[in-house]
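Data first, discussion second: the structure below is written as structure tokens.
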Amino acid sequence: MPPPPLSHLPMKVAEQLSSVEGGGKSPPSMQSLAATPMPLSISRFVLPALLIPIALLPFLQARHFGIIPVDDPLYLEHPLVAAGPTLEGILWAFTNLESGHWLPLTWLSLMVDRGLFGADWGTMHLVNLGFHAANTLLVMVLLQRLTGATGRAFLVAALFAVHPLRVESVVWLTERKDVLFTLFFLLALLAYQRATARRTAPLGLGPLLPVLGLFLLSLMAKPMAVTLPVVLLLLDHWPLGRLSQGHGPLLREKIPLLLVALGCALATALAYAHSTGGMASLALLPPGDRVAQATISYGAYLKDAVWPLQLAFFHSHPGRNWAGVDLAAAAVLLGVLGGWAWHQRRRGPHLLWGLLWFLITLAPVIGLVQISTQARADRFTYLPLLGLFVAMVWEADRRWPTGTLARRARPLLAAGLILALGLLTQRQTALWQDPELLFRHSLAITGPNPNGLRLVGLALHNQGRWAEASGWYWRSLEADPRDAATHRMTGRAQDLLGRHRRAEYHFRAALRLEPRDPRLHALLARILLKQGRLAASLPHLDRAAAGLPRDAAVHLDLGRTLNRLRRHQEALAPLEQARRLDPAGAVPPFELGYALLKLQRPQEALIHLDAALTRDPGHVAAGRLRAVAAGELPVR
């Protein structure tokens, strides 16, 4: 019977057998494992200690940064998040789908930060950095245990730590979900390695329970972890070498994980289908266009991995107007790399493994299911690039010359590469200190596009430069007049400039494009209220209150409007909800007291008016109404 192919054996065993079959000559190795093992003190203590500053230093300036006006307010300033961990907040974290995802672990992590640090964004940035450093150490530990190649594991971990494509995941506080899901993803892989190291037979449910638990935690941080069962099959091929047990048993042992992954995928699709905007329909973006843009995005990610000099915050999706030249170039690149990896699959199984890791872990966000208006994002590469780094480092080690000079040059070149990438990452990180700087840089890289123009306007808007922001919004609308977000931002800027009719026009335009968005109904209702059009605002307030059950301001607006329309009985419910949601505010109990007084219920009115005066002793109207309710002043 012929011996099993070396590609199906663990890395350490394969290297030893190849030296025997090749007449005693070992293939070149970065640290020549078979001949000169690395001292235990270096592999266990020195190299991991070196990884910590490598992972932290390029990003350390972020401790002085704040937040950006994209997603950060939604994630960090949500009332239940800002309140820190509470029973109500924890229940909300496990049940809400406001971001289009189920992210309970991410929400809980941010709640803990807000509870501990308040609005100290710099400290929260340091927490993100801590997770990134932990992930870097886990990469080295994982690869070291899987292959025994300490030097290569260290270099891959260092590349993982300092590559400029890391910046978005590490420095953007909203992307806590990236560093958090990767942490549990890597821990799940370590648990799998530990379970398989003890057994030669396929795993039962018992040994898989730690993997399953960590997988669930990873999914609770970000659904992108859904690919883990397929990644485990990749590990079975290389470097664990478990294929001798047969494909069927290995697939069957993954069934619990595959069921969890399927459930998560369906839940995510359902959440997006019911969220504002939802998924792009097949009629709007046919399958052929999705495949074309996905191919282009894969090629762009590969280019940025090798040449990370043109990184941008936002890459707009071209819709059906993708460039044929870009598609051809990406297809050729993927074809060449895939063909080479397949041809080398026995001598260098790491090539096919690394390419498949990259392709598979990127698949959930590559655009086959198109969610937003972006084509790709740097943050999506946080975990997928690990496969490319393994392939490149292992292949460079395999082909490295064995001479004395080449052997001495190897650590110097590795150090130079890490230093160069670290400097690029430091420069990219510096852009995040100022949203206007970040968005203008992104626009310079991508060229004029509707989203890029709107983002510059948004940065100016948040600085109070509303007239300048409006100019950028209008340029964005000239390029894409059907963008609801830009209409919404234009309406807000016009409102702040006192141009209520123009604001109303843009809010109505946004509503025609996104009729289910309760925030737009709230904005339109408020602009109508500013014009004194109470009855016209009421249907929009009803829609806003139904869609935003935890927004105290919306319920207060609805109750106050009903009061002004003399529909006091109807006003009680929304005003009571506003009072519960804003227990420190004086206006909700004042409006409740007013409604109850009009309903001839003075004793109940007194309770609420006293509460209003307790919260705001200088509330003149509440004091006058209280005197009326107590019979001290005549009823007008």
*Assess whether L183 counts as being within 27 Å of the chain's Cα centre (by Cα), without any contact (Cβ under 8 Å) to a residue 60 or more places away in the chain and assigned to a helix (DSSP H, G or I).*
yes
*Condition broken by A269, with the remaining ones in (1) farther than 29 Å from L351 by Cβ; (2) surrounded by 19 or more Cβ atoms within 10 Å (Cβ to Cβ); (3) among the small types (G, A, S) satisfied*: (2)
*Matching option when the condition is of a type in the set (A, V, I, L, M, F, W, C), part of a helix (DSSP H, G or I) and open to solvent by less than 10 Å² (accessible area, probe 1.4 Å), among A485, A503*: A503
*Within segment 94-118, restricting attention to residues that are at pLDDT below 95 and over 15 Å from the mean Cα position of the chain (by Cα), which residue is surrounded by the most Cβ atoms within 10 Å (Cβ to Cβ)?*
N96
*Which pairs have Cβ atoms under 8 Å, sit 6 or more apart or on different chains, and link a residue in segment 239-251 that is within 15 Å of Y192 (Cβ to Cβ) to one that is open to solvent by less than 30 Å² (accessible area, probe 1.4 Å) and among the β-branched types (V, I, T)?*
P239/T147; L240/T196; R242/T196
*Restrict the check to segment 246-261 and report whether at least one residue is under 19 Å from the mean Cα position of the chain (by Cα), farther than 30 Å from A323 by Cα and at pLDDT 95 or above.*
no
_Yes or no: segment 334-355 includes at least one residue that is at positive phi and either out of contact with any Asp or Glu (no Cβ under 6 Å at 6 or more places or on another chain) or assigned to a helix (DSSP H, G or I) (or both)._
no
*Only residues in segment 136-159 that are of a type in the set (D, E, K, R) count as the first member; pair them with residues that are assigned to a helix (DSSP H, G or I), Cβ under 6 angstrom, at least 6 apart or cross-chain, and list the lot.*
R145/Q193; R152/V393; R152/D397
*Go through the residues of segment 220-234 one by one and say whether even a single one is within 15 Å of T200 (Cα to Cα) and either touching a His at 6+ places or on another chain (Cβ under 8 Å) or surrounded by 17 or more Cβ atoms within 10 Å (Cβ to Cβ) (or both).*
no
*Would a scan of segment 348-361 turn up a residue that is surrounded by fewer than 18 Cβ atoms within 10 Å (Cβ to Cβ) and among the hydroxyl-bearing types (S, T, Y)?*
no
*Quick one: which of R408, R482, R488 is modelled with pLDDT of 95 or more and of a type in the set (D, E, K, R)?*
R488
*Tabulated pairs, segment 622-634, first within 14 Å of G593 (Cα to Cα) and open to solvent by 80 Å² or more (accessible area, probe 1.4 Å), second outside any helix (DSSP H, G or I) and of a type in the set (A, V, I, L, M, F, W, C), C-beta under 8 angstrom, 6+ apart or interchain*: R624/L633
_Residues being open to solvent by less than 40 Å² (accessible area, probe 1.4 Å), out of contact with any His (no Cβ under 7 Å at 6 or more places or on another chain) and touching a residue at least 40 places away in the same chain (Cβ under 8 Å) - total across segment 386-407_ = 5
*Qualifying positions in segment 457-501 - at positive phi and more than 29 Å from the chain's Cα centre (by Cα)*: G498
_Need the failing condition index for A544 against (1) within 30 Å of the chain's Cα centre (by Cα); (2) open to solvent by 10 Å² or more (accessible area, probe 1.4 Å); (3) of a type in the set (A, V, I, L, M, F, W, C), just the number._
(2)
*asked:* Would you confirm, using the coordinates I've provided, whether F439 is part of a helix (DSSP H, G or I) and in contact with an Asp or Glu (Cβ under 9 Å, 6 or more places away or on another chain)?
replied: no
*Say whether the condition of being within 23 Å of V365 (Cα to Cα) and open to solvent by less than 40 Å² (accessible area, probe 1.4 Å) is met by at least one residue in segment 137-146.*
yes
*Tell me, yes or no, whether segment 449-461 has at least one residue that is surrounded by fewer than 16 Cβ atoms within 10 Å (Cβ to Cβ) and of a type outside the set (S, T, Y).*
no
_Given the condition small (G, A, S), open to solvent by 30 Å² or more (accessible area, probe 1.4 Å) and closer than 30 Å to R63 by Cβ, answer yes or no: does some residue in segment 469-482 qualify?_
no
_I'm trying to understand the selection: among the residues of segment 583-604, which are acidic (D, E) and surrounded by fewer than 19 Cβ atoms within 10 Å (Cβ to Cβ)?_
E604
_Condition first: open to solvent by less than 80 Å² (accessible area, probe 1.4 Å), farther than 29 Å from D236 by Cα, in a helix (DSSP H, G or I) and out of contact with any Cys (no Cβ under 7 Å at 6 or more places or on another chain). Can you find one or more residues in segment 316-324 that meet it?_
yes
*Pick from L270, L262: which is aliphatic (A, V, I, L, M), within 21 Å of A225 (Cα to Cα), free of Cβ contacts under 8 Å to residues at least 24 places away in the same chain and in contact with a helix residue (DSSP H, G or I) (Cβ under 9 Å, 6 or more places away or on another chain)?*
L262
*Might you let me know whether segment 283-301 holds any residue that is open to solvent by 40 Å² or more (accessible area, probe 1.4 Å), in contact (Cβ under 8 Å) with a residue 60 or more places away in the chain and touching a helix residue (DSSP H, G or I) at 6+ places or on another chain (Cβ under 7 Å)?*
no
_Subset of segment 362-378 [open to solvent by 20 Å² or more (accessible area, probe 1.4 Å) and assigned to a helix (DSSP H, G or I)]_ = A363, P364, V365
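The values are calculated or read from the model by the stated rules, or taken from the named source; none is laboratory data. No experiment lies behind these values; they were computed from the predicted model shown. Here Cβ is always computed from backbone atoms with ideal geometry, including for glycine, and neighbour counts include all displayed protein chains. In case anyone asks, the SASA skips ligands and DNA or RNA and just uses the protein heavy atoms, side chains included. Shrake-Rupley method; radii C 1.70, N 1.55, O 1.52, S 1.80 Å.
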